[in-house]
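Enquirer: Sharing a structure with you now.
The values are calculated or read from the model by the stated rules, or taken from the named source; none is laboratory data. Predicted, not measured: the structure shown is a model, and the values here were computed from it. We place every Cβ from the backbone using ideal geometry, glycine too, and count neighbours over all the protein chains shown. These area figures cover heavy atoms from the full protein model, side chains too; ligands, DNA and RNA do not enter into them. Shrake-Rupley method; radii C 1.70, N 1.55, O 1.52, S 1.80 Å.
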Amino acid sequence: MTQIHEKIEILSTSLIDEHRPTVNALKRLAASLGLEFGWHYLLDLTWIIAHLGSVKGKRILDAGAGIGVMQWYLAEQGAQVISVDRLDRADLPLQFRRRFRLRGLRPHDLRSPRQALGSHLSKIKNLRKKLLSLPRLLISSAFSRPSPEEVVLYNQDLRHMPDLEADSIDAVVAVSALEHNAPEDLEAVVAELMRVLKPGGILLATLGAAKEQDWFHQPSRGWCYTEASLRRLFHLNPQVPSNYHRYDELFAALVNCAELRHNLASFYFRSGDNGMPWGKWDPQYQPVGVCKIKDKNV
């Protein structure tokens, strides 16, 4: 992996143009899987990927992965991905199963395709409508080559991952996920993520930034943190660089970012209970990245 240093960095919209090939690759992958991005996720994903460097042959933990695009991107790049989320994904949809090499860390973390299909069908209220949509979901993945490395699903709370050995992971990534833990729990989450990291391994996490005091963004159900709080929660010393002094400048650029504003995911327009209620472009916070390196002497 590329040589990097610990930092706290509010994400600049310039990331999109600076890493256009990565952005385009992420968009193609998401479209092929029927996924859409959260309104700032292209910034989060691009920042993390740029700091990871080459991932081929690496064992990477995606913390709070859900079914998000990061784990699938990393697998296609040759990483073995440990996909951890407290939500149950044992009945993972068919488009992921056909496209990627998958297994559960434990038997109940991923049910068989037959069991998953039975579970899906039992939940369908309008069976005919769902069945008509199946061909479209399968076409994009039916002719794709399986990913070179596997994605291992682990449905577990990030505060306690007893099935993962200490010092066993090359890198940890968390795409706008850690802020969904209560502040009193986040320090324990970070400690557990650092436990499984190999000495010299990196933790790359994006969260929400707060200028003057921590606050809870109800629509996205996530906490926004000040620089001081991030230093405390991630145990970063005062010498670790930060660009929080550019908070206002970077936030103004985010508000005026046409590419993000004009490409809001369709799910924002279907509800008033999300990060962009009813599809109205109105950012209330901005993403910030934290890079922490595990001490090789630990």
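Enquirer: Springs between alpha-carbon atoms under 10 Å, Gaussian network over the chain: tell me which of TYR247, TYR225, TYR73 tops the mean-square fluctuations.
Expert: TYR247
Enquirer: Given labels modelled 7 Å from the Cα in the Cβ direction, how far is it in nm from ALA191 to GLN213?
Expert: Between ALA191 and GLN213, the label points sit 2.7 nm apart.
Enquirer: Give the whole-number value, in cubic angstrom per residue, of the convex hull volume spanned by the C-alpha atoms of the range 1-121.
Expert: 126 Å³
Enquirer: Could I ask something else about it? Have a look at ILE202, VAL55, ALA252 and report the one farthest towards the positive end of the charge dipole of the chain, computed about the Cα centre with Cβ charges (Lys/Arg +1, Asp/Glu -1).
Expert: Value: VAL55.
Enquirer: Would you mind working out the accessible area per residue for the range 167-246, using a 1.4 Å probe, and quoting it in Å²?
Expert: 40 Å²
Enquirer: If you don't mind, another one. Which is farthest toward the positive dipole end of the chain among GLY38, GLN95, VAL151, measuring Cα position about the Cα centre, with Cβ charges +1 (Lys, Arg) and -1 (Asp, Glu)?
Expert: Checking the options against the dipole of the chain, the answer is GLN95.
Enquirer: How compact is the range 168-298 by the rule of thumb for globular proteins, expressed as Cα Rg over 2.2 N^0.38 Å?
Expert: So the Cα radius of gyration is 1.15 times the expected 2.2 N^0.38 Å.
Enquirer: Please give me the summed charge of the neighbours of ASP170: other residues whose Cβ is under 12 Å from its Cβ, Lys and Arg +1, Asp and Glu -1.
Expert: Summing Lys/Arg as +1 and Asp/Glu as -1 gives +4.
Enquirer: Looking at the chain as a GNM with Cα springs under 10 Å, which of LYS211, LYS58, LYS280 has the largest mean-square fluctuation?
Expert: Highest fluctuation of the listed residues: LYS280.
Enquirer: In deg cm²/dmol and to the nearest 500, what is the mean residue ellipticity at 222 nm of the chain if only DSSP H runs of at least 4 residues count, each as -39500 (n - 2.57), divided by the residue total?
Expert: -10500 deg cm²/dmol
Enquirer: Still on this structure, please answer the following. Could you tell me how many cubic angstrom of Cα convex hull volume the range 234-286 has per residue?
Expert: Roughly 108 Å³ of hull volume per residue.
Enquirer: In addition: Binned at 5 Å from 0, what are the whole-percent values of the Cα-Cα distance distribution for the range 13-78, short to long?
Expert: In order of increasing distance, the bins hold 3, 16, 31, 28, 17, 4, 0 percent.
Enquirer: Per residue, what volume in Å³ does the convex hull of the Cα atoms of the chain enclose?
Expert: 136 Å³
Enquirer: Straight-line reach from LYS56: which aspartates and glutamates have Cα under 16 Å away, leaving out those fewer than 8 places along the same chain?
Expert: LYS56 reaches GLU76, GLU149, GLU150, ASP170.
Enquirer: If you don't mind, another one. Checking the cross-link filter: which aspartates and glutamates have an alpha carbon closer than 17 Å to that of LYS7, excluding same-chain neighbours under 8 positions apart?
Expert: ASP44, GLU227, ASP295
Enquirer: Once amide H atoms are placed 1.01 Å from N in the peptide plane, what residues at a sequence separation of 5 or more from ARG89, or on another chain, have their amide H within under 5 Å of its amide H?
Expert: When sequence neighbours closer than 5 places are left aside, there are no close amide H contacts.
Enquirer: Placing +1 at every Lys and Arg Cβ and -1 at every Asp and Glu Cβ, with all other atoms neutral, what dipole size does the chain have around its Cα centre, in debye to the nearest 20?
Expert: Computed about the Cα centre, the dipole is about 1620 debye.
Enquirer: OK, next. Looking at the chain as a GNM with Cα springs under 10 Å, which of GLU212, GLU149, GLU187 has the largest mean-square fluctuation?
Expert: Largest GNM mean-square fluctuation: GLU212.
Enquirer: Can you list residues whose amide H is under 5 Å from GLU150's amide H, if they're 5+ apart or on another chain and H is modeled 1.01 Å from N?
Expert: Excluding prolines and chain starts, which carry no amide H, the hits are VAL81.
Enquirer: Provide the gained length on full extension for the span ARG270 to VAL255, in nm with one decimal, where the gain is 0.36 nm per separating residue minus the Cα-Cα distance.
Expert: Full extension of this stretch gives 3.2 nm more.
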